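Some notes on the structure that comes next.
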Amino acid sequence: MSETTASNGRSAFAQKLEARLGQKLVSLSESRGETTIEVLPENWLAASALLRDDAELHFEQLMDLCGVDYLSYGDDEWDTRDVTSTGFSRGVEGRMVGRFKWGEAITSENGSAKGIEPVPSPSRRFAVVAHLLSLKYNRRLRLRARCADDELPSLPSLVGIWPSADWFEREAFDLYGIAFEGHPDLRRILTDYGFVGHPFRKDFPLIGNVEVRYDPEKQRVVYEPVTSVEPRVLVPRTIRDDSRYEQASAERKAGK
Amino acid sequence: MQEIKNYTMNFGPQHPAAHGVLRLVLEMDGETIMRADPHIGLLHRATEKLAESKPFNQSIGYMDRLDYVSMMCNEHAYVRAIENLLGVEAPERAQWIRTMFDEITRILNHLMWLGSNALDLGAMAVFLYAFREREELMDCYEAVSGARMHATYYRPGGVYRDLPEQMPKYGESKWHKGKDLERLNEWRGGSMLDFLDAFTADFPRRVDEYETLLTDNRIWKQRTVDIGVVPPEQALAWGMSGPMLRGSGVEWDLRKKQPYAKYAEVDFDIPVGVKGDCYDRYLVRIEEMRQSNRIIKQCADWLRKNPGPVMVRNYKVAPPSRVEMKDDMEALIHHFKLFTEGYTVPAGETYAAVEAPKGEFGIYLVSDGANKPFRLKCRAPSFVHLSSMDSIVRGHMLADVVAMIGTYDVVFGEVDR
């Protein structure tokens, strides 16, 4: 992993990936010793097969695969940028994660963070992230594809390449509603039989949509809309710029 | 002639051999499994979603509750992911403490696995012996964190506090008095490191005891040898890790290959199996306990010689001491901000994996610069292992399914998350 070469500051591994994947590669980034590549959905299968089969890449294991919902990425609930004569804003603005009920929408009044370095909000909502491992070269790689359609996100299934994708894809389908084309058995896996909705989407309320109780008259368990809890989050979501960490690392260097 | 059809059998979720809440729908031809369909999610708590609504530090306790027999290893992965993004490194002593407790956790987990797997296959006594030693190690958990299981001991930037100078003793009670009490307190005269010294000196003998019960036991071998054979190619294809992979003869251990904490500085061996059957995995886990014991001894020696801080003195991440807080305004502000808002983590993403007792436990963390995670994904080894159930048990007998569930070492806290 420390095979850094001089040309454009990229490691030999990154250059190898660029050479092998060529046009299939949308972006490649290296940070903290981790390599992330992004491919288009139409190249998802071909790129995966190449990563597994190429003798110099040889990612024989799919360690993890998960969905990510980028809705509200970089939004916060507490304005820390505009100072007025009375100080910072005091209230929580918007209805972010955990602060709304079933049927209500996620809203953000602050909009995207406008810190010193603005966080680029991804253009597409759903992404699938896979973590690959090569035992032969002792290397990890993060592979990402963003689903083209925000309403009906879908991606080809990797089950044919790595069998371990089976349950991971079922989980991503269950929690995010991402359909994997070609999956032999795309059922829900973690949620209840007959569950409605995709609970890990950012616009799914934290308190859930239904609750269960035993009905003594009907003599069975019944499902009802949630009434027993109110949406409530104690600590507002706050984004601050990172000068604090620059200061902290400077202090550490000064031996403080 | 009578027509014979396959029939479907429901196994669990409330079955003692289901190791929690596994529901298996088995399609059977007589006693032979034609298809196994595990239904999971009965313990689903949406840990990853809950973590999105809380400041980073408040989710450490959730990690304990994922794989609830290897608590601190889960914390370690989570804490390491946060440290990666923050660019913070724990002090050396904290790293040694983490290494030591990871190995204590490994022994705790393997003892639990050994006891319950033997119980599944009809050997009652091993369970009782295994829990005797678990008790000692859980006392270490308690001494250091105040909780016997859900410790919340590792923090970003170090560990919550240093090891105690005095190992807690048993008090006199109706059940423990006189000679019995003396025996219980025999190792507890000094510090926790003294206690661990006594434990590590004694433990190999205890492992021998378990082995006399099982290793050459005819019934045990009949139930495990050549059962649930996982060829190395299959193990790799199904994303297996930990003892499941090593049992099949693949020498892969993150502690050696991608060392974290202080694993690069301790001396230990990686046992691997030959055939990849349940018996090989049993032998691998037994040997891992012996190796963990070696590592604990080395950590205890180092920790005794090298006092030092166990938490970074970066008050943006770690709280200041109570004393400082009482007479320093700045420290008071730091304390207040840390316990109300928490700290914000620079935008980015990371994957941090540790060699948990069951395999690779990984945390994929996405931060958008807020004081809460944007996305947290726990890569649980049990989940991945269980997904290969159908492909492995086809053609086996019903009783072998129980042996297979046992050898997977599944814990539903992390399968269902």
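The values are calculated or read from the model by the stated rules, or taken from the named source; none is laboratory data. None of these values were measured; they are calculated from a predicted model. Heads up, the Cβs are rebuilt from the backbone with ideal geometry, glycines too, and the neighbour counts pull from every protein chain shown.
Exactly one residue out of A:Phe200, A:Phe180, A:Phe168 is touching a strand residue (DSSP E or B) at 6+ places or on another chain (Cβ under 9 Å), assigned to a loop (DSSP other than H, G, I, E, B), surrounded by 11 or more Cβ atoms within 10 Å (Cβ to Cβ) and at pLDDT 90 or above, and it is A:Phe200. Meeting the requirement of 3 or more residues that are out of contact with any strand residue (DSSP E or B) (no Cβ under 6 Å at 6 or more places or on another chain) and within 16 Å of B:Val312 (Cβ to Cβ), the helices (runs of 4 or more DSSP H) wholly within the range B:75-191 are B:92-120. Residues that are modelled with pLDDT under 70 and not in a loop (DSSP other than H, G, I, E, B) do occur in the range A:85-98, at least one of them. For the range B:318-338, the condition of being more than 22 Å from B:Ala46 (Cα to Cα), aromatic (Phe, Trp, Tyr) and under 27 Å from the mean Cα position of the chain (by Cα) holds for none of the residues.
Only residues that are under 26 Å from A:Thr36 (Cα atoms) and more than 10 Å from chain A (Cβ to nearest Cβ): list them for the range B:341-358, please. Break it down into steps so the answer makes sense when it comes.
The initial filter retains those residues of the range B:341-358 that are under 26 Å from A:Thr36 (Cα atoms), namely B:343-356.
Result: B:Val354, B:Glu355, B:Ala356.
Return the residues of the range A:167-224 that are among the hydrophobic types (A, V, I, L, M, F, W, C) and within 19 Å of B:Ala51 (Cα to Cα); say none if nothing qualifies. First the steps, then the outcome.
Looking only at the range A:167-224, we keep the residues that are among the hydrophobic types (A, V, I, L, M, F, W, C), and these are A:167-168, A:172-173, A:175, A:178-180, A:186, A:189-190, A:195-196, A:200, A:204, A:206-207, A:210, A:212, A:221-222.
Once the filter is applied, which keeps residues that are among the hydrophobic types (A, V, I, L, M, F, W, C) and within 19 Å of B:Ala51 (Cα to Cα), the range A:167-224 yields A:Ala172, A:Leu175, A:Leu190, A:Phe200, A:Phe204, A:Leu206, A:Ile207.
Taking the options B:Arg98, B:Arg161, B:Arg132, name whichever one is of a type in the set (Lys, Arg) and crowded, with 22+ Cβ neighbours inside 10 Å.
Values: B:Arg161 fails: crowded, with 22+ Cβ neighbours inside 10 Å; B:Arg132 fails: crowded, with 22+ Cβ neighbours inside 10 Å.
From the options B:Arg98, B:Arg161, B:Arg132, the qualifying one is B:Arg98.
Cβ-Cβ contacts under 6 Å between residues 6 or more apart (or on different chains), taken from a first residue in the range B:71-98 that is under 19 Å from B:His150 (Cα atoms) to a second residue that is of a type in the set (S, T, N, Q) and in a helix (DSSP H, G or I), are listed as B:Met72/B:Thr105; B:Cys73/B:Thr105. The helices (runs of 4 or more DSSP H) found wholly in the range B:316-417 and carrying at least 3 residues that are surrounded by fewer than 24 Cβ atoms within 10 Å (Cβ to Cβ) and free of Cβ contacts under 8 Å to residues at least 40 places away in the same chain occupy B:322-327, B:329-340.
From the list B:Leu128, B:Leu213, the one residue that fits, being out of contact with any Gly (no Cβ under 7 Å at 6 or more places or on another chain), within 30 Å of B:Val284 (Cβ to Cβ) and touching a residue at least 60 places away in the same chain (Cβ under 8 Å), is B:Leu213.
If you scan the range B:302-320, which residues turn out to be basic (Lys, Arg) and touching a strand residue (DSSP E or B) at 6+ places or on another chain (Cβ under 7 Å)? Break it down into steps so the answer makes sense when it comes.
Of all residues in the range B:302-320, those basic (Lys, Arg) come to B:304-305, B:313, B:316.
Listed by number, the list is empty, since nothing qualifies.
Quick one: in the range A:55-74, which of the residues that are out of contact with any helix residue (DSSP H, G or I) (no Cβ under 7 Å at 6 or more places or on another chain) and in a loop (DSSP other than H, G, I, E, B) is farthest from the other protein chains (Cβ to nearest Cβ)? Checked the range A:55-74; the qualifying residue farthest from the other protein chains (Cβ to nearest Cβ) is A:Ala55.
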